[in-house]
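Asks: Dumping the structure here so I can ask a few things about it.
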Amino acid sequence: MQTASAPSSTSLRIALIGTRGIPAAYGGFETAVEEVGRRLVERGHRVLVYGRDAGTAGDVHLGMRRVTLPAVRQKALETLSHTALSTVHAVTKARPDAAFVFNAANSPFLPLLRARHIPVALHMDGLEWRRSKWGPRGKAYYRAAESFGVRQADAIIADAPGIADYYDHQFGVASELIRYGAPLLDDAPSDGIRELGLEPGGYHLVVARFEPENHVREIVEGYAMSQATKPLVVVGSAPYAAEYTAAIDRIAAADPRIRLLGAVYDQDLLDALYHHASTYLHGHSVGGTNPSLLRAMGAGTAVIAFDVVFNREVLDEQGWYFRTPADVAAAVDSAESDAGAVAAASAAVRRRAADAFSWDDVAATYEDLARRLAAGDSIHLLARRAHRAETEWPG
């Protein structure tokens, strides 16, 4: 992308499209929208956030204007139907100076924005087509949407170096590397975890949806093989994977050390669970920079992570890594036998979170990109004829 920018004093109208909206109560996209949007408002910009649930937050949240529009409540159509309505609103009523569209699946709506002279950046997220929850049609759609998004966007956003490498390898197109931020947590009350029968530093933690690419089954299976004396606390649920959940339930039922808490929506309790855990086991494998991992790092909790390039880069090689249940067992046993190593890993990931994953820095990068887009910068002329490489990405 060329380097030009609008005057630093210019206030921009910025639209954030394609998520469930704010206040953030779901995943990484929603958290990013809230954390970035509020900071853009503080920098003097007018921020419009499209969402699906009106809730009780009102028309303005943390200075951001909320536009609530309906969606078809069906897995394959919910995001697309809502983004379609959001795009129509943006081009007919809002007319922002720049738009950020989240999720590669929403790429079909980029031409409408660009046709109305609204420059748009597409946040690609991870390698969604690798997720098991999508059948063959869903996977094919995501791969096609990736290609279309590369050819139609004025900028594409990758949230990790590995994702940026993927788009460079597959399409020969440069992306904007913009990470997520890590919430830093220096302390958390222990009352909530004690009510659950847990003690600070006295348990291992997993927080994940029960999906194969998050390797929750491998984690509980490996833990069951270990000699651990500290219980394994598993937070999460499975909206689509009944058989996978049943397998996890069977393993947990046979081992009294494994505690399945289900989904936890109390953010204060979730913070306490992260902060007071001895280790956090992270099995995510297809995303880029994962918000759950950042949350554990910001809480100063040592990490045992699935061995994939994204996780190693985020952690800067700190902690333990696994691929198989046997690896999990060895890592948990190693952590329990070496309190000094756990303390060192905890301090290292906390420093890494503070140094490399600042929300203020993330918002400043979004602001810079918004200014460049509004000033006319675009990769479209170079990327509009891009085609996927014949060889698969080796990452």
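Only the coordinates and a few stated rules stand behind these numbers; no lab work does. Bear in mind that the values here come from a model prediction, so they are computed numbers and not experimental data. Don't worry about glycine lacking a Cβ; one is built from the backbone with ideal geometry, like all the others, and counts go over all protein chains shown.
Asks: What does the charge dipole of the stretch 191-356 about its Cα centre add up to, to the nearest 20 debye, if the Cβ of each Lys and Arg holds +1 and the Cβ of each Asp and Glu holds -1?
Replies: Once rounded to the nearest 20, the dipole reads 60 debye.
Asks: Determine the shape class of the stretch 320-395: with a ≥ b ≥ c the square roots of the Cα gyration tensor eigenvalues, call it rounded for a/c under 1.5, and otherwise prolate if a/b is greater than b/c, oblate otherwise.
Replies: It is oblate, given that a/c is not under 1.5 and a/b is not larger than b/c.
Asks: Compute the Cα gyration tensor for the stretch 62-104, then decide on rounded, prolate or oblate, letting a ≥ b ≥ c be the square roots of its eigenvalues: rounded whenever a/c is under 1.5, prolate when a/b is larger than b/c in the other cases, and oblate in all that remain.
Replies: Working: a/c = 1.82, a/b = 1.68, b/c = 1.08.
Prolate shape, in that a/c is at least 1.5 and a/b is the bigger ratio.
Asks: Tilt of helix 28-42 relative to the longest C-alpha principal axis of the chain, in degrees (0 to 90, nearest 10)?
Replies: Approximately 60 degrees, to the nearest 10.
Asks: Right, next: If one puts a single equal scatterer on every Cα of the chain and applies the Debye formula without solvent, what log₁₀ I(q)/I(0) results at q = 0.07, 0.10, 0.11, 0.14 Å⁻¹?
Replies: -0.33, -0.67, -0.81, -1.26
Asks: Report, ordered by chain and residue number, the aspartates and glutamates lying within cross-link reach of Lys93, taken as a straight Cα distance under 17 Å and ignoring same-chain residues fewer than 8 apart.
Replies: Once the sequence-local aspartates and glutamates are set aside, what remains near Lys93 is Asp59.
Asks: Set Lys and Arg Cβ to +1 and Asp and Glu Cβ to -1, take the dipole of the chain about its Cα centre, and tell me which of Ala121, Val72, Tyr223 lies farthest positive.
Replies: So the residue furthest toward the plus end is Val72.
Asks: With a/c under 1.5 counting as rounded, go ahead and sort the stretch 191-356 into rounded, prolate or oblate using the C-alpha gyration tensor (a ≥ b ≥ c being the square roots of the eigenvalues; past the cut-off, prolate if a/b is larger than b/c, else oblate).
Replies: Rounded, because the longest to shortest axis ratio a/c is under 1.5.
Asks: Same structure again: Could you work out the Kirkwood radius for the stretch 1-120, taking every pair of different alpha carbons, averaging 1/r and inverting it, reported in Å?
Replies: Averaging 1/r across every pair of different Cα atoms and inverting gives 14.6 Å.
Asks: On a straight-distance basis, which aspartates and glutamates could pair with Lys230 in a cross-link, Cα separation under 14 angstrom, same-chain partners fewer than 8 positions away excluded?
Replies: Excluding near neighbours in sequence, the set is Glu199, Asp255, Asp333, Glu336, Asp338.
Asks: For Asp338 and Asp187 in the same chain, what is the full-extension length gain: residue separation times 0.36 nm, less their Cα-Cα distance, in nm?
Replies: Roughly 52.1 nm would be gained on extension.
Asks: Taking 0.36 nm per residue of sequence separation and subtracting the Cα-Cα distance, how much length would be gained by fully extending the chain between His89 and Arg130, in nm to one decimal?
Replies: Details: separation 41, 0.36 × 41 = 14.76 nm, distance 3.17 nm.
11.6 nm is the gain from fully extending His89 to Arg130.
Asks: Using 0.36 nm per residue, how much length does the chain from Glu390 to Thr365 gain when fully extended, once their Cα-Cα distance is taken away?
Replies: Working: separation 25, 0.36 × 25 = 9.00 nm, distance 3.27 nm.
Fully extending the segment from Glu390 to Thr365 adds 5.7 nm.
Asks: Here is a follow-up. So, counting K/R as plus one and D/E as minus one, what does the shell of residues with Cβ under 13 Å around Tyr274 add up to?
Replies: -3
Asks: Among Leu382, Pro111, Pro183, whose Cα projects farthest towards the positive end of the dipole of the chain, with charges put on the beta-carbon of Lys, Arg (+1) and Asp, Glu (-1)?
Replies: Value computed over the given set: Pro111.
Asks: log10 I(q)/I(0), Debye, Cα-only the stretch 137-238, no solvent, q = 0.22 Å⁻¹?
Replies: -1.18
Asks: Please report, in debye to the nearest 20, how large the charge dipole of the chain is about its Cα centre when each Lys and Arg carries +1 at its beta carbon and each Asp and Glu carries -1 there.
Replies: Once rounded to the nearest 20, the dipole reads 1760 debye.
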